[in-house]
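Everything on this sheet refers to the single structure shown next.
The values are calculated or read from the model by the stated rules, or taken from the named source; none is laboratory data. Computed from a prediction, not measured in an experiment: that's the story for all the values here. Ideal geometry is used to build each Cβ from the backbone, glycine not excepted, and the neighbour counts take in all protein chains shown. Just the protein is used for accessible areas: all its heavy atoms, side chains included, with ligands, DNA and RNA removed. Shrake-Rupley method; radii C 1.70, N 1.55, O 1.52, S 1.80 Å.
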Amino acid sequence: MSTYFDAFETRSQDARDAAQLEGLNAQLARNGMDPVNSLADLAGLPVLRKSDLVARQKEQPPFGGLPVSNLAHVFQSPGPIYEPGGVSHDWWRMGRFLHACGIGQGDIVQNCFGYHLTPAGMIFESGARAVGAAVLPAGIGQTELQARAAHDVGVTAYAGTPDYLKIILEKADELGLELKITRAAVGGGALFPSLRQYYADRGIDCLQCYATADLGNIAYESPAMEGMIVDENVIVEIVTPGTGDPVAPGDVGEVVVTTLNPDYPLIRFATGDLSAVMDGPSPCGRTNMRIKGWMGRADQTTKIKGMFVRPEQVAQLVAKHDDIARARVVASREGEMDVMTVRIETAGDDVAAFEKSVAELLKLKGRVELVEIGGLPRDGLVIEDARSYD
């Protein structure tokens, strides 16, 4: 098996930028939007949030008026959101990840992602087909049958959530069944270091990807296991939650993705997930941008004094005052009462003006605390809930 899935994984950044700009403008044209001159111009285009997509799909079912083509399947995810699916080669770009896992011709992949309504099962099956592996479409549940099938068929690789493989292995041990699984491609949940080590101790190499039902694969681990490498056919931005504004390199923010799949051209789709860009390319030789993987949810909407405070409101506060660099709302308790403190990173000192804007935009009165420039953490949080719920 070759080290890389294709030559795209090791191309120069100039070549990648040129190809992605061409692909982006083709996507914009499909959506009836004007072309841009550079990838940086993406930041000036509107963000599409899941709530927006739900509303659009209600008005224009099933796909909200987006120019979907080559439709083979329709899936449903919570929301509900309806996603199209195709059967052309590696439609969700999962083959790149499975190849990095060492899965290829001669392997039999036990695919334990669901095939019912949601697209995860088909996403991974498409990737297995792209690398020439056979698939046991196991789906979810019936662990004893799963363990017996893995033994009888001679399954060599697993695809599914990080923890379910352990359940299958333990059931096989209980039944006295020897399994041949040596590789695992996981997603849809946290892969804790202790769990990865458990698999390693059993001779199983386990790597994880970051994918969504709407977009397919976004980023994936390689054997270097130093961050996640962004897939070649998506453009990833990290923005301040509640806005479309890019954060400084290395800062935590919301993952916004533009897919270059011509069959479903999503432009600046906000995942609601937090991550950050890592410096430099992966030691494995793949040259695309790396991210740190999933670091929490960007939707930090919090109820304070019975009122919801949203990241978008904090963004409006920052935008209203030129001398505010950043702001962070902290919800705390004093006795039995909620307290809202708005920490404002600024070189200014007009507390009264800030307090007025807080009451106007956040719909609550709160304390204002001024912080010097650079004084707020770069952890992606714009609303911090410091209350104890014990």
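Testing residue 244 on (1) at pLDDT below 95; (2) open to solvent by 50 Å² or more (accessible area, probe 1.4 Å), one condition comes back false. Which one is that? It fails just one condition, (2). When the test is whether a residue is of a type outside the set (D, E, K, R), surrounded by fewer than 17 Cβ atoms within 10 Å (Cβ to Cβ) and modelled with pLDDT of 95 or more, residue 216 does not pass it.
Taking region 203-213 as the range and being surrounded by 15 or more Cβ atoms within 10 Å (Cβ to Cβ) and more than 21 Å from residue 291 (Cβ to Cβ) as the test, the residues that pass are 204, 205. Of all residues in region 31-42, those that are touching a residue at least 60 places away in the same chain (Cβ under 8 Å) and closer than 13 Å to residue 258 by Cα have Cβ atoms under 8 Å from Cβ atoms of residues that are part of a loop (DSSP other than H, G, I, E, B) and open to solvent by less than 70 Å² (accessible area, probe 1.4 Å), 6 or more apart or on another chain, in 31/66; 31/67; 31/265; 31/267; 42/36; 42/268. Taking residues in region 68-97 that are more than 23 Å from residue 159 (Cα to Cα), and partners anywhere that are of a type in the set (Lys, Arg), the pairs with Cβ atoms closer than 8 Å and at least 6 places apart or on different chains are 79/50; 81/50.
For the structure I just gave you, tell me whether residue 182 is of a type in the set (S, T, N, Q) and more than 20 Å from residue 104 (Cα to Cα). Steps first, answer last, please.
Numbers: of a type in the set (S, T, N, Q): yes; more than 20 Å from residue 104 (Cα to Cα): no.
No.
Checking each residue in region 263-278 for being of a type outside the set (Gly, Ala, Ser), farther than 17 Å from residue 93 by Cβ and either open to solvent by less than 10 Å² (accessible area, probe 1.4 Å) or modelled with pLDDT under 95 (or both) picks out 268, 273, 274. Consider region 219-241 and keep the residues that are open to solvent by less than 10 Å² (accessible area, probe 1.4 Å) and small (Gly, Ala, Ser). The one that is farthest from residue 382 (Cα to Cα) is 222.
Here's the yes/no breakdown for (1) closer than 21 Å to residue 66 by Cβ; (2) assigned to a strand (DSSP E or B):
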| residue | (1), (2) |
| --- | --- |
| 214 | yes, no |
| 225 | no, no |
| 229 | no, yes |
| 238 | no, yes |
| 249 | no, no |
| 270 | yes, yes |
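If I ask for residues that are among the β-branched types (Val, Ile, Thr) and more than 23 Å from residue 221 (Cα to Cα), which ones from region 169-193 would you list?
none
When residues of region 1-21 are filtered for being part of a loop (DSSP other than H, G, I, E, B) and under 13 Å from residue 100 (Cα atoms), how many remain? Give the derivation first.
First, the residues of region 1-21 that are part of a loop (DSSP other than H, G, I, E, B): 1-6, 11-12.
After this cut, where a residue has to be under 13 Å from residue 100 (Cα atoms) as well, the list is 1-6.
Going through region 1-21 one residue at a time, the tally reaches 6.
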